[in-house]
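Participant: Before I ask anything, here is the structure I am working with.
Where a number appears in this text, it was derived from the coordinates with a stated rule and is not lab data. Quick caveat: nothing in here was measured; it's all calculated off a predicted structure. All Cβ positions, glycine included, derive from the backbone under ideal geometry; neighbour counts span all protein chains shown.
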């Protein structure tokens, strides 16, 4: 059993809850995921089964897209409406004011991870420290927000809905918290749905109940997507059977001898049968095809 299945995570589940549930349903322990979602969040959670778990930490597309609901005038310790209220404001925000502030959060910027998050400090997740009432210094990280669209705005209810397209490591509730701080009234996230992750759209996702039905009728493996799909956008290098044996044995492959070169960045390496062997890059200075990760997802 090897392949990828995008799952629609329900609210109230952690990403690891989903994996735990499906280990029992699918009868395998070898399941990984990409992109942790908070319990409140719903939406796209790509799951990797069997040999596909080797791909979890080497994804060519780590961009994500979210739809988030905002409540203005409230600040909480979790930066969403499930947390303890720290501050409330009666200040009113207009659509124009919010649109102007929102546009200033597009682009590269520094963001401080929230205390209630899975980011680790000295080996401990921040949420463990937060539950003990501790607040520790967190290093800022550079994130990139490609676009923010205002989908809805209710001035009477002081709520909004936005769509955010962003790069890896972006905390949407922190983005909303920072917008509220800029507005001077505070803001918290009240709902979040991830609509795209690792190139998978929400429309491609399966619910847990649908997966349970697949297992009952014996069609689960038919729905698994091949790992090759992840790397379709990368340059492709096909090895002969002879070079395949060398590659899998860790023997360096000379570039000039094979007429290779001129490709920068990661390369998806396949055999003549179309099986993904690994991800490599061309080191022209060393005249070698160098390995980033061996996949061997058939094993």
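Participant: For region 64-195, state the average projected area of the convex hull of the C-alpha atoms over all orientations, rounded to one decimal in nm².
Facilitator: Result: a mean projected hull area of 7.6 nm².
Participant: Taking Cα centroids, how far is region 195-251 from region 73-138 in Å?
Facilitator: 35
Participant: Here's something else I'd like to know. Using all alpha carbons of the chain, what is the percent of pairwise distances in each 5 Å bin, ordered from the shortest bin to the longest?
Facilitator: The percentages, shortest bin first, are 1, 5, 10, 13, 14, 13, 12, 11, 9, 6, 4, 2, 1, 0, 0.
Participant: Next question. Relative contact order (percent) for the chain, with alpha-carbon contacts under 8 angstrom and 6 or more residues of separation?
Facilitator: In percent, rounded to a whole number, it is 23.
Participant: For each of 16, 105, count neighbouring Cβ atoms within 10 Å of the residue's Cβ, then give the residues from fewest to most.
Facilitator: By the 10 Å Cβ count, ascending, the order reads 16, 105.
Participant: Could you work out the percent of alpha carbon pairs in region 1-100 separated by over 18 Å, rounded to a whole number?
Facilitator: Counting pairs separated by more than 18 Å, the tail of P(r) holds 59 percent.
Participant: Here's something else I'd like to know. Kindly put 34, 209, 280 in sequence by how many other C-beta atoms sit within 10 Å of each C-beta, fewest to most.
Facilitator: 209, 280, 34
Participant: In what sequence, highest mean first, do 163-170, 68-75 appear when ranked by Cβ atoms within 10 angstrom?
Facilitator: 68-75, 163-170
Participant: Using only Cα positions of region 234-294, each an equal point scatterer, no hydration layer, compute I(q)/I(0) via Debye at q = 0.15, 0.17, 0.27 Å⁻¹ and quote the log10 values to two decimals.
Facilitator: The Debye formula, applied to the Cα set alone, gives -0.36, -0.47, -1.31.
Participant: Something else now. How big is region 120-216 on each of its three principal axes, counting only the C-alpha atoms and giving the largest first in Å?
Facilitator: 50, 42, 26
Participant: Name the residue, out of 64, 244, 257, whose mean-square fluctuation peaks in a Gaussian network model built on the chain with Cα pairs under 10 Å.
Facilitator: 257
Participant: With every atom except the alpha carbons ignored, what do you get for Rg and Dmax of region 189-273, in angstroms?
Facilitator: 19.4, 59
Participant: Looking at region 140-284 from every direction and averaging, what is the projected area of its Cα convex hull in nm²?
Facilitator: Averaged projected area of region 140-284's Cα convex hull equals 14.5 nm².
Participant: A follow-up question, please. With n ≥ 4 as the cut-off for DSSP H runs, can you work out [θ] at 222 nm for the chain, using -39500 (n - 2.57) per run divided by the number of residues, rounded to the nearest 500?
Facilitator: -6000 deg cm²/dmol, from helical runs alone.
Participant: May I pose another question? Run the simple label-point estimate for residue 191 and residue 91 please: 7 Å along Cα→C-beta, distance reported in nm.
Facilitator: A separation of 2.7 nm, rounded to one decimal place.
Participant: Follow-up. Normalising by the residue count of region 14-93, find the relative contact order in percent from Cα pairs under 8 Å and 6+ residues apart.
Facilitator: Relative contact order for region 14-93 comes out at 19 percent.
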